[in-house]
Amino acid sequence: MHRFVRSAALALSLAIPGLAAAADYPAHPVRIIVSYPPGGSTDLLARLMSAWFQDKLKQPFVVENKPGGGNNIGVEYVVKSAPDGYTMFLVNPANGINATLYKNLPFNFISDIAPVAGLIRSPNVMEVPVSFPAKTVAEFIAYCKANPGKINMASSGSGTSVHLSGELFKHMTGCDMLHVPYKGAGPAIADLIPGQVHVLFDNLPSSIGHIRGGKLRAIAVTSAARSPELPDVPTVAETVPGYEATAWFGLGMPKGSPREAIDKINATVNAAFSDPGMLKRFAELGGTPIKGTPEDFGKVIAAETAKWEKVVISSGAKAE
């Protein structure tokens, strides 16, 4: 009887290739492409998820950093990769912003990247060197207006949520600041700590350790409500009514990737949202889970793209 059941299962898997693929996937190492250098929020999340996938799916998940081009080099690399389920992309806010910020991209993110799973949503944090004279948003605005054009606003790259959070702040407050784009949050933070640049609207995961360690001063968070990880830090909106910007992250694959692979990764991600240890890690990064199906995450990408289109247009931000 058992031999018959095994034979029937084998015959069914051969007749339906996807069934075999789902059972076997992943059969060899999977790459997670990060379009920033090491040290930023996108990279931190990729490495956290890489360890989770390796533990649960018993294959190496290798993080590959491909920075540059305002996030677009990494995206184009993934778009051109084989749609076999073995190349993933760490989706980040720049992917929704760049659709409007750049006029001639060689890809359409929404149609060329298949959504796989949401990861987390987190606030950005407006932070300055500990030596900077302003300690509140109101003091910062006053200092900025008394020193027009003399404040260097760092970002993790043109088109990132870090950049656009700052542009939105400039637009809503009238602050005149010079944008200084870096190739990721890590290099930007390295120059912010000693005061070579003056303010950064960074994704919370990559900065929270420096804030807690006393190397940077958090002035405000960019979400509508205060962050549980920084409960004493006010929101920008408490001083600038209506201001709100959050970062969001997830996973994608090249268009046409096997549905079996997408579903298996999605299920493994959602399992992390029920694991106390992983929930603690997400919370430590200042993030709340984005649960749901691949289609649910596709709706997040579409909504964020539409939202940031309005911000890009109203702020007049341009890719540099």
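The values are calculated or read from the model by the stated rules, or taken from the named source; none is laboratory data. Remember, it's a predicted structure, so these values are computed and weren't measured experimentally. So basically every Cβ, Gly included, is an ideal-geometry build from the backbone, and we count neighbours across all protein chains shown. Accessible surface is based on the protein model in full, side chains and every heavy atom, while ligands, DNA and RNA are left aside. Shrake-Rupley method; radii C 1.70, N 1.55, O 1.52, S 1.80 Å.
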Note on Asp275: of the conditions (1) over 26 Å from Leu178 (Cα atoms); (2) modelled with pLDDT under 95; (3) touching a helix residue (DSSP H, G or I) at 6+ places or on another chain (Cβ under 9 Å), unmet is (2)
In segment 105-146, what count of residues is obtained for those that are touching a strand residue (DSSP E or B) at 6+ places or on another chain (Cβ under 6 Å), open to solvent by 20 Å² or more (accessible area, probe 1.4 Å) and within 29 Å of Lys318 (Cβ to Cβ)? 2
Taking segment 32-89, which residues are open to solvent by less than 10 Å² (accessible area, probe 1.4 Å) and at positive phi? Asn71, Gly85
Within segment 44-52, identify whether any single residue is touching a His at 6+ places or on another chain (Cβ under 8 Å), at pLDDT 95 or above and not acidic (Asp, Glu), and answer yes or no. no
Of all residues in segment 47-79, count the ones that are β-branched (Val, Ile, Thr), out of contact with any Pro (no Cβ under 6 Å at 6 or more places or on another chain) and over 14 Å from Ile113 (Cβ atoms). 2
Tabulated pairs, segment 181-193, first without any contact (Cβ under 8 Å) to a residue 60 or more places away in the chain and closer than 13 Å to Glu127 by Cα, second of a type in the set (Asp, Glu) and open to solvent by less than 30 Å² (accessible area, probe 1.4 Å), C-beta under 8 angstrom, 6+ apart or interchain: Ala188/Asp202
For segment 213-235, enumerate the residues that are over 19 Å from Val197 (Cβ atoms), open to solvent by 20 Å² or more (accessible area, probe 1.4 Å) and touching a helix residue (DSSP H, G or I) at 6+ places or on another chain (Cβ under 8 Å). Ala224, Pro228, Glu229, Pro234
In segment 159-202, what residues are outside any helix (DSSP H, G or I), among the β-branched types (Val, Ile, Thr), open to solvent by less than 20 Å² (accessible area, probe 1.4 Å) and at pLDDT 95 or above? Val197, Val199
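In the list Val137, Val91, which residue meets the criterion of being closer than 24 Å to Gly252 by Cα and either more than 18 Å from the chain's Cα centre (by Cα) or at pLDDT 95 or above (or both)?
Among Val137, Val91, only Val91 is closer than 24 Å to Gly252 by Cα and either more than 18 Å from the chain's Cα centre (by Cα) or at pLDDT 95 or above (or both).
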Restricted to segment 236-277 and to residues being open to solvent by 50 Å² or more (accessible area, probe 1.4 Å) and without any contact (Cβ under 8 Å) to a residue 12 or more places away in the chain, the residue nearest to Cys175 (Cα to Cα) is Pro241
May I ask you to list the residues in segment 137-158 that are within 14 Å of Val236 (Cα to Cα) and either in a loop (DSSP other than H, G, I, E, B) or touching a residue at least 40 places away in the same chain (Cβ under 8 Å) (or both)? Val137, Ala138, Phe140, Ile141
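Among the listed residues Thr173, Thr222, Thr246, which satisfies the condition of being in contact with a Phe, Trp or Tyr (Cβ under 7 Å, 6 or more places away or on another chain) and polar (S, T, N, Q)?
Result of the check over Thr173, Thr222, Thr246: Thr222.
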Tell me which helices (runs of 4 or more DSSP H) are completely within segment 31-136 and hold 1 or more residues being without any contact (Cβ under 8 Å) to a residue 40 or more places away in the chain, or say none if there are none. 41-57, 72-79
Index of the failed condition, Met278 passing every other in (1) over 19 Å from the mean Cα position of the chain (by Cα); (2) over 28 Å from Ser158 (Cβ atoms): (1)
Qualifying position, being of a type in the set (Phe, Trp, Tyr), in contact with a Lys or Arg (Cβ under 6 Å, 6 or more places away or on another chain) and at pLDDT 95 or above, among Tyr77, Tyr86: Tyr77
Taking segment 232-263 and keeping only residues that are modelled with pLDDT under 95 and closer than 22 Å to Phe282 by Cα, one is left with Glu244, Ala245, Thr246, Ala247, Trp248
